[in-house]
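Here is the structure we will look at.
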């Protein structure tokens, strides 16, 4: 790759820049891992107020110790839906109020003196299911064993001789519980353990009751510094929360953070006689290319899910696709929809398309999205109908993000703003667009990148500052075939 077009400026960063642009384009075109999805959830275990990386359904079991929701939790249905959609990476964010607390148990000496406090690794009700048995070892003289059970399942066995060793082996394992002296001056050199059998930890609270809009807003504050592409919710349909989320997403997009949020409605709205009007009204309230509104619930394995609960699936579906793919008519594993919107001309399905509603339909064989659209209904200045399509927005966002990252890493503050430097930048951008065209996400022969003549050249009407470069891009973003019109001539 050395030489050639990169000898223009004779700067050592240029060959790397070429590779950076082309590598970014190849990643955007040929892989499906561009999409990272953020999902908030309520759970009885796991990190609170921070992010947990999840990639597959087995990660859900390993992280939360369960594959079902209970007592107000939403982690399983939310994360599982996103995994089923095809997301390659999920950043899970556990919501909890200040009432969340770890379960604990104080271990005593034979003289009934408090020595060591066991604390569940995470806050939540799950810790209340942990039980401890301490007894002399049956195989090693002078040793004790501590067995940790969850209900009747043995999770871990620890072997030790002194209180200090107990603390060390528990904290070294760093899995389900942690151990510490009850006080700074507590003597842990002894070995006078009080035997106990199936004694539970107590006091664990998941902090689910009372979660409100402010908890979701706090998550948004944390998200401002995270790198991700898609955001969905854990079945939440509170209009105030959805409005706050949408406003935040729109503001982030204005400030260069290209993210898309997918939300939905209640189970009751999904099956109401006026479900169409409700879904269309919800989309009209958002009316933005950065927001996708799911209008139908689905049925999977005999369980009904609202459109809000299936929104994480749509987020995973979008995130897991290549830029050259579309959500339109993408096959799913769902058995049916909770309400079948009527098709045909002037139908409910047509109202959905015109009203910016992402709709699932059942065609008699499979459940599939009708068309991959966002909630943009009324076009703003400089927009066209391409902005209404999820695929088009993904392409625009990918190009914007790739160019921004590469410019920051290789151009800004690193290359002289001479004519040669400007032309090198233009050449690198064209190389990037060429690879995008080869990948089928922009139409070959329709793209160009030039110095904006308004600011550069003999006919410039506005003089650019010495540290500024203004580029003008042109490209036709491709789409998939969604409508086929034909004439059949009978002779």
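The values are calculated or read from the model by the stated rules, or taken from the named source; none is laboratory data. As the structure is a prediction and not an experimental result, all values here were calculated from the model. Here the Cβ positions follow ideal geometry from the backbone for every residue, glycine too, while neighbour counts run over all protein chains shown.
Quickly run through region 138-171 and pick out the residues that are in contact (Cβ under 8 Å) with a residue 12 or more places away in the chain, part of a loop (DSSP other than H, G, I, E, B) and at negative phi.
Within region 138-171, 140, 143, 161, 162 qualify.
Can you find even one residue in region 78-90 that is in a strand (DSSP E or B), touching a helix residue (DSSP H, G or I) at 6+ places or on another chain (Cβ under 7 Å) and either at pLDDT 95 or above or under 26 Å from residue 55 (Cα atoms) (or both)?
yes
Kindly list the number of the only condition in (1) at negative phi; (2) in contact with a strand residue (DSSP E or B) (Cβ under 9 Å, 6 or more places away or on another chain) that fails for residue 217.
(2) is the only condition that residue 217 fails.
Looking only at strands (runs of 3 or more DSSP E) that fall completely inside region 270-363, which ones have 2 or more residues that are closer than 17 Å to residue 235 by Cβ and touching a strand residue (DSSP E or B) at 6+ places or on another chain (Cβ under 7 Å)?
Strands (runs of 3 or more DSSP E) meeting the threshold: 291-294, 298-300.
Consider residue 375 carefully, then state whether it is in contact (Cβ under 8 Å) with a residue 60 or more places away in the chain and assigned to a helix (DSSP H, G or I).
no
Residue 37 - would you say it is crowded, with 23+ Cβ neighbours inside 10 Å, modelled with pLDDT of 95 or more and closer than 19 Å to residue 225 by Cα?
yes
If you go through region 413-430, how many residues are surrounded by 14 or more Cβ atoms within 10 Å (Cβ to Cβ) and free of Cβ contacts under 8 Å to residues at least 12 places away in the same chain?
Here the count works out to 0.
Look through region 172-183, keep the residues that are part of a loop (DSSP other than H, G, I, E, B) and modelled with pLDDT of 95 or more, and return whichever of them is surrounded by the most Cβ atoms within 10 Å (Cβ to Cβ).
The selected residue is 176.
Take residue 63 and decide whether it is in the same structural domain as residue 225 (by TED's automatic domain parsing), surrounded by fewer than 18 Cβ atoms within 10 Å (Cβ to Cβ), part of a helix (DSSP H, G or I) and more than 15 Å from the chain's Cα centre (by Cα).
No, not satisfied.
Restrict the check to region 400-412 and report whether at least one residue is closer than 25 Å to residue 319 by Cβ, touching a strand residue (DSSP E or B) at 6+ places or on another chain (Cβ under 8 Å) and buried (at least 20 other Cβ atoms within 10 Å of the Cβ).
Within region 400-412, not a single residue is closer than 25 Å to residue 319 by Cβ, touching a strand residue (DSSP E or B) at 6+ places or on another chain (Cβ under 8 Å) and buried (at least 20 other Cβ atoms within 10 Å of the Cβ).
Could you run through region 378-392 and say how many residues are assigned to a helix (DSSP H, G or I) and in contact with a strand residue (DSSP E or B) (Cβ under 9 Å, 6 or more places away or on another chain)?
5
Looking at 324, 304, which one is over 18 Å from residue 357 (Cα atoms) and modelled with pLDDT of 95 or more?
304
If you go through region 252-269, how many residues are in a helix (DSSP H, G or I) and at pLDDT below 95?
3
Those residues that are surrounded by fewer than 21 Cβ atoms within 10 Å (Cβ to Cβ) and in contact with a strand residue (DSSP E or B) (Cβ under 9 Å, 6 or more places away or on another chain), I need them from region 81-90; list them, please.
Once the filter is applied, which keeps residues that are surrounded by fewer than 21 Cβ atoms within 10 Å (Cβ to Cβ) and in contact with a strand residue (DSSP E or B) (Cβ under 9 Å, 6 or more places away or on another chain), region 81-90 yields 84, 88, 89.
Of all the residues that make up region 229-249, how many are over 20 Å from residue 96 (Cβ atoms) and surrounded by fewer than 18 Cβ atoms within 10 Å (Cβ to Cβ)?
Selection size over region 229-249: 3.
From the list 222, 188, 236, which residue is assigned to a loop (DSSP other than H, G, I, E, B) and assigned by TED's automatic domain parsing to the domain that holds residue 36?
236
Only one residue in 454, 395, 446 is within 17 Å of residue 323 (Cβ to Cβ), touching a strand residue (DSSP E or B) at 6+ places or on another chain (Cβ under 9 Å), part of a loop (DSSP other than H, G, I, E, B) and outside the structural domain of residue 285 (by TED's automatic domain parsing). Which one?
446
Which of (1) surrounded by fewer than 14 Cβ atoms within 10 Å (Cβ to Cβ); (2) within 34 Å of the chain's Cα centre (by Cα); (3) part of a loop (DSSP other than H, G, I, E, B) is the odd one out, the single condition residue 463 does not satisfy?
Looking at each condition in turn, residue 463 falls short on (2).
Give region 98-137 a look and list any residue that's under 39 Å from the mean Cα position of the chain (by Cα) and part of a loop (DSSP other than H, G, I, E, B), or say none.
Listed by number, the residues that qualify are 98, 99, 100, 102, 103, 121, 122, 123, 124.
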